[in-house]
Amino acid sequence: MNVDPDAPASDALDDAALVALHLRGLPAARQPAFAVLMRRHKQSLYRLIVAQTGEPDEALDLVQESFVSAHAALARYDPARSLRAWLARIAINKCRDWHRRRQVRRFLTRVLPIEAAERVVDPAADAEAWAIDRDDLARTLAGIARLPAALREPLLLCGVDDLSHAEAAEALGITAKAVELRIRRARAALAIDEGRA
């Protein structure tokens, strides 16, 4: 489809024409064209993200992140395909990233000593903070690997597999009180390890 680069962005244009206008139009028409795309697709992306995350407040941020990513990658969009599907794929990937970050944070808050859990990086942190978080996670995992099996197993069963103390006790053939004690010792050992790092 031929698009007049001087034409104003309009709801009457289809998605492919708006993308072309944004990519090749005059500077004054580029942002309005993308704004029309955002208005047209934000509600469906929001519904998709809420369904994926179950978190309406987080969904607002993820919609915004999805559009930022789409804007940066718009030159790679294939106009022969559905823009709505392309945006949905970006949004689903943002949801997957959100779930992964959330699992890492949950894992760290379960296995690290309570004092160390305060330092778990916020998902909105910058790249440097994420690099530090990855280093912390690597150190924590290495510390867990160094724990004797008697301490490591209850920690992982309760902290990662979400078993109750009673369920972990049954799996390990020990008492629930022993599970609680071993988890406390594992956390103390990790805190000492953390202090040396």
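Side notes on the structure shown:
- Hey, R119 open to solvent by 70 Å² or more (accessible area, probe 1.4 Å), within 30 Å of the chain's Cα centre (by Cα) and at pLDDT 80 or above or not: no
- Residue within the range 24-39 that is within 30 Å of Q103 (Cα to Cα) and in a helix (DSSP H, G or I) present: yes
- Odd one out for T109 among (1) of a type in the set (V, I, T); (2) at pLDDT 90 or above; (3) closer than 30 Å to I183 by Cβ: (2)
- Counting the residues of the range 59-100 that are assigned to a helix (DSSP H, G or I) and in contact (Cβ under 8 Å) with a residue 60 or more places away in the chain gives 3.
- Per-region count, the range 7-47, residues of a type outside the set (S, T, Y), modelled with pLDDT under 85 and either surrounded by fewer than 16 Cβ atoms within 10 Å (Cβ to Cβ) or under 15 Å from F67 (Cβ atoms) (or both): 8
- One residue alone among A51, A17 is assigned to a helix (DSSP H, G or I) and over 22 Å from the mean Cα position of the chain (by Cα), and that residue is A17.
- Flag for D126 being under 29 Å from Y46 (Cα atoms), at pLDDT 80 or above and under 20 Å from the mean Cα position of the chain (by Cα): no
The values are calculated or read from the model by the stated rules, or taken from the named source; none is laboratory data. Small disclaimer: the values here were computed from a predicted structure and weren't measured. Please note: Cβ atoms are built from the backbone with ideal geometry, for glycine as well, and neighbour counts cover all protein chains shown. Note: accessible area is taken over every heavy atom of the protein model, side chains too, but ligands, DNA and RNA are not part of it. Shrake-Rupley method; radii C 1.70, N 1.55, O 1.52, S 1.80 Å.
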